[in-house]
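Since every read-out is calculated from the coordinates, none of them should be taken as a lab result. None of the values given here were measured: they were computed from a predicted structure. Glycine also receives a Cβ, built like all others from the backbone with ideal geometry; neighbour counts cover every protein chain displayed.
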Amino acid sequence: MERTLSIIKPDGVQKSLVGQVISVFENAGIRIAALKMRRLSRSEAEGFYYVHKDRPFFGELVEFMISGAVVIMVLEGQNVISRNREIMGATDPKEAAPGTIRARWADTKQNNIVHGSDSPETAKFEIGYFFSSIEIC
Ligand code: ATP
Ligand code: MG
């Protein structure tokens, strides 16, 4: 059993896709182990995307992530880190495989509906960033 962090980004919440995105995960046999809705502060968003701090799109990415509420979840299942990445699709919706969340609903490479941890190390950091152990069911 593995855990990963998923975020429905502000565009997903704005487009009323919370229920549909959660259904995609549940229909794939993935369990929601924790869930909260938050509006991130600037420093929370900057800390979360710290690995991208030197990338040219960092400032815009932070602005986007604080532009509205997000839904933050811990997903649980076998190989859930890579399975979630497959279910999300490529970062750029133009390159995302048909049927993936980003192919179905994302508008741009930045406004791409969901975030998902990309490795076990990242998942551990990202889950701990938003959830304490007693919040994970
Ligand atoms: P995420 O980390 O959000 O799950 P990802 O792992 O597919 O997405 P990363 O390379 O980690 O993609 O980039 C993090 C986020 O930064 C992307 O999801 C997207 O919102 C934004 N981003 C990435 N590359 C670009 C770009 N070239 N222009 C604008 N925004 C970008
Ligand atoms: Mg990433």
> For all pairs of alpha-carbon atoms in the chain, what percent lies in each bin of width 10 Å, listed from the first bin to the last filled one?
Replying inline: 12, 46, 37, 4
> For the chain, what is the relative contact order in percent, using Cα pairs closer than 8 Å and at least 6 residues apart in sequence?
Replying inline: 37 percent
> What does the charge count near Val74 come to, summing +1 for each Lys or Arg and -1 for each Asp or Glu among other residues with Cβ under 10 Å from its Cβ?
Replying inline: 0
> How much net charge surrounds Ala106 when only other residues with a Cβ under 12 Å from its Cβ are counted (Lys, Arg +1; Asp, Glu -1)?
Replying inline: +2
